[in-house]
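Below: one structure, written as structure tokens.
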Amino acid sequence: MSKTIFERIIAKEIPADVIYEDEHIVAFMDIKPVAPTHALIVPRKPIARLEDANAADHSILGHMLMKAPAIAAQLGLAEYGYRLVINNGRDAGQEVPHLHIHLIGGRKLAWPPG
Ligand code: 5GP
């Protein structure tokens, strides 16, 4: 299968505004932000969606969540908060088949989502 856009960003084949990276994850700013601050936390491993994760991926999935507060703080979102979203599959509107967490903030966010 051909590489997703996120695999190409992770491989540095195409540019992105990378704000954090380590051996398991890369975080970069979303190209079409839905709020004043919108970043994506993406595992280096190309897991398409949660159903494709296996037992060996526990630590990667945990790491994605555990790193979110530090990335949010780096973006100035620690004080007022932020939302983490995973669009998982068609009905959720997932466009890129590479698991990712949206980290969104910088204004009061509506709930429930549309
Ligand atoms: P999804 O709909 O799959 O949950 O979210 C995919 C996200 O990736 C969207 O918010 C979209 O704006 C973002 N995106 C798509 N292509 C690119 C790109 O080339 N660069 C960056 N930085 N973000 C992208």
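Here are some notes:
- For the chain, the longest site-free run once GluC sites (Glu not before Pro) in DSSP loop states with at most 14 other Cβ atoms within 10 Å are removed: 24-78
- Estimated distance in nm for a label pair at Tyr80 and Trp111, the labels positioned 7 Å out from Cα along Cα-to-Cβ: 1.6 nm
- Scaling the Cα radius of gyration of the chain by the globular reference 2.2 N^0.38 Å produces a ratio of 1.03.
- Acute angle (nearest 10 degrees) that the helix 58-74 long axis makes with the longest principal axis of the chain, alpha-carbon atoms: 30 degrees
- Figure note: Leu40, Leu65 ranked by solvent-accessible area, largest first, 1.4 Å probe, ligands and nucleic acids not counted: Leu65, Leu40.
- Accessible surface of the chain, 1.4 Å probe, proportion on carbon and sulfur as whole %: 57 percent
The values are calculated or read from the model by the stated rules, or taken from the named source; none is laboratory data. Values in this document were obtained by computation on a predicted structure and should not be read as measured data. All Cβ positions, even for glycine, are placed from backbone atoms using ideal geometry, and neighbour counts span all protein chains on display. With ligands, DNA and RNA removed, areas are computed over all heavy atoms of the protein, side chains included. Shrake-Rupley method; radii C 1.70, N 1.55, O 1.52, S 1.80 Å.
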